[in-house]
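Structure, as structure tokens:
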Amino acid sequence: SPHAPEPLALATALCMGQAGSRDDGGFNEANPGYHAQAQAGPSNTPSARSSANADAPRESSVVPTVIQWSQGGSSVYVTGSFNAWGERIPMKRSGNDCVVCLNLLPGTYQYKFIVDNEWRFAAEQPTVRDEMGNINNCITVEDQTLCVLSP
């Protein structure tokens, strides 16, 4: 329907901490394989950024990254090389899609969806064949520090 919420807009809002609470679903705490946002406050304020750098230097280099599944299913999770394929990260429903925002360090990652207990890849997203012949989705996260530097 033309009035359905835009999934990427909702996911971006989730990434930026503007929708819902950080502990909604508890997946940041339950999945240590990817990085939670710095707890010092909004990351775009200079004081929060400097205290985050002092407390956890790696936090400042994570990039909020939206992963989206658009092919239905009642139970949708994602897992991948960003968490050593160790945990199923629950995805949030947004209209007909499912989205999640992961705070990832720059790099290239492989991932796959678990939809109603079946391993799936999204055909409309970039794919790669792993060393065992499985088809996985892949994403390259680029360092965004140039976007936040002050002149």
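No lab work stands behind these numbers, since they all come straight from the coordinates. Here the structure is a predicted model, which means the values were calculated and not measured. Ideal geometry is used to build each Cβ from the backbone, glycine not excepted, and the neighbour counts take in all protein chains shown.
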Applied in sequence order to the range 109-125, the curve 6.51 cos²θ - 1.76 cosθ + 1.60 (Karplus, θ = phi - 60°) yields integer Hz couplings, x standing for Gly and Pro, of 10, 9, 8, 8, 9, 10, 10, 6, 6, 10, 6, 9, 10, 8, 5, 7, 10
The answer for residue 78, listing residues at least 5 apart or on another chain whose modeled amide H is closer than 5 Å to its amide H, is 89, 91, 114
Can you compute the label reach from residue 123? Point 7 Å from Cα along the Cβ direction, backbone N cut-off under 15 Å, restricted to the range 58-100. 70-72
